[in-house]
Amino acid sequence: MIITVASGKGGTGKTTVAVSLALSLASEEPILLDCDVEEPNAALFLNPTIEAHREVGQMIPSVDLDACTACGRCAEVCQYNAIAVVGENVLIFPELCHGCGSCTLNCPTEAITEVLDVTGVIERGRNGRVQFAQGILNVGEAMAVPVISQLKRWAIPSSTGERPVILDAPPGNACPVVEAMHGADFVLLVTEPTPFGLHDLKQAVEVARDEMGLPVGVIINREGVGDQGVDAYCEAEDVPILMRIPIERRIAEAYSEGVPLVDALPAYRERFRRLYADIGQLVNGSKEGER
């Protein structure tokens, strides 16, 4: 089962939940992917031994000026304005390119080939029986999606069977989050009981459930602050609240020290195992409802 742990905003405790869930399921040899490639921090809590490392990016056009006739066809077909023909010069803008390959396919003189533009790295390793992988976007790069998609292809086996796969998604609700949710069986949304948390939770539910058709559930972190807005919304929208984590000094101290929640407070291991079982029932119920 593939679970994407997401949130509409940063700082809700998404990584705390993802790491805690993985550690609690260690006997089942879970796979934990940190897809927050702009600011990956799951490794700070998991302390994995990195065993493999590779550069990743996307294919961008390279023009053979000897074969190029400056006809402008490549610029005409590029939907992203990543290539322009000015006089006899062909200008490539890698930061705008989406790697679709249209320019290469449409060049009448076959003057365009594709080369790898390195935008980040992906790493793979483990901590005990927990397999770990993360993506790291190079500083200054704008395109996180190619790194996330290549991380998923590299680290998630074609057949996971009963093995838990947990993806720690980027914050927000933009394209990188959609890529982290794509292919998941369930989206676990971590929020806090505040007006800001509710605002972003609504957007996350709209993306995951309403647009992508994925079953969702909620964890309320820092229970005890804010108001009852999140509870009222979840009840009205039939979104199950699967766990509540109270605002507690020991939890905050453990986080600041890089100590996983389930190590600081071992009683939470059983709670996260029950959470996984509850998600499994929701996923099975969703599949039966589709038949």
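So that you can scan it fast, the table gives a plain yes or no per residue for (1) among the hydrophobic types (A, V, I, L, M, F, W, C); (2) farther than 21 Å from Leu44 by Cβ:
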{"position": "Val85", "(1), (2)": "yes, yes"}
{"position": "Asn138", "(1), (2)": "no, no"}
{"position": "Ala142", "(1), (2)": "yes, yes"}
{"position": "Val147", "(1), (2)": "yes, no"}
{"position": "Arg153", "(1), (2)": "no, yes"}
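How many of the residues making up the stretch 76-107 are touching a Cys at 6+ places or on another chain (Cβ under 8 Å) and either among the charged types (D, E, K, R) or over 26 Å from Ser149 (Cβ atoms) (or both)?
The total comes to 2.
Name the residue, out of Leu167, Leu151, that is assigned by TED's automatic domain parsing to the domain that holds Leu25, touching a Cys at 6+ places or on another chain (Cβ under 7 Å), modelled with pLDDT of 95 or more and under 23 Å from Ile60 (Cβ atoms). I'd like the intermediate steps shown before the answer.
Working: Leu167 fails: under 23 Å from Ile60 (Cβ atoms).
Exactly one residue qualifies, and that residue is Leu151.
Do you know which residues across the stretch 148-196 are of a type in the set (S, T, N, Q) and under 21 Å from His98 (Cα atoms)? Spell out the reasoning first.
Filtering the stretch 148-196 for residues of a type in the set (S, T, N, Q) gives 149-150, 158-160, 173, 191, 194.
Hits for the stretch 148-196 are Ser149, Gln150, Asn173.
Take Ile251 and decide whether it is assigned by TED's automatic domain parsing to the domain that holds Ala18, in contact with a helix residue (DSSP H, G or I) (Cβ under 8 Å, 6 or more places away or on another chain) and either assigned to a loop (DSSP other than H, G, I, E, B) or over 26 Å from Ala180 (Cα atoms) (or both).
Considered against the rule, which asks whether it is assigned by TED's automatic domain parsing to the domain that holds Ala18, in contact with a helix residue (DSSP H, G or I) (Cβ under 8 Å, 6 or more places away or on another chain) and either assigned to a loop (DSSP other than H, G, I, E, B) or over 26 Å from Ala180 (Cα atoms) (or both), Ile251 comes out as yes.
Taking Val178, is it β-branched (Val, Ile, Thr), under 16 Å from the mean Cα position of the chain (by Cα) and over 26 Å from Leu261 (Cα atoms)? Give the steps one after another, and end with the answer.
Working: β-branched (Val, Ile, Thr): yes; under 16 Å from the mean Cα position of the chain (by Cα): yes; over 26 Å from Leu261 (Cα atoms): yes.
Answer is yes for this residue.
Kindly indicate whether Glu51 is under 18 Å from the mean Cα position of the chain (by Cα), surrounded by fewer than 21 Cβ atoms within 10 Å (Cβ to Cβ), touching a residue at least 60 places away in the same chain (Cβ under 8 Å) and more than 30 Å from Glu88 (Cβ to Cβ). So that I can check it myself, show each step before the final result.
Numbers: under 18 Å from the mean Cα position of the chain (by Cα): no; surrounded by fewer than 21 Cβ atoms within 10 Å (Cβ to Cβ): yes; touching a residue at least 60 places away in the same chain (Cβ under 8 Å): yes; more than 30 Å from Glu88 (Cβ to Cβ): yes.
For Glu51, the condition - under 18 Å from the mean Cα position of the chain (by Cα), surrounded by fewer than 21 Cβ atoms within 10 Å (Cβ to Cβ), touching a residue at least 60 places away in the same chain (Cβ under 8 Å) and more than 30 Å from Glu88 (Cβ to Cβ) - is not met.
The values are calculated or read from the model by the stated rules, or taken from the named source; none is laboratory data. Computed from a predicted model, the values in this text were never measured in an experiment. Virtual Cβ from ideal backbone geometry, glycine too; neighbours counted across all protein chains shown.
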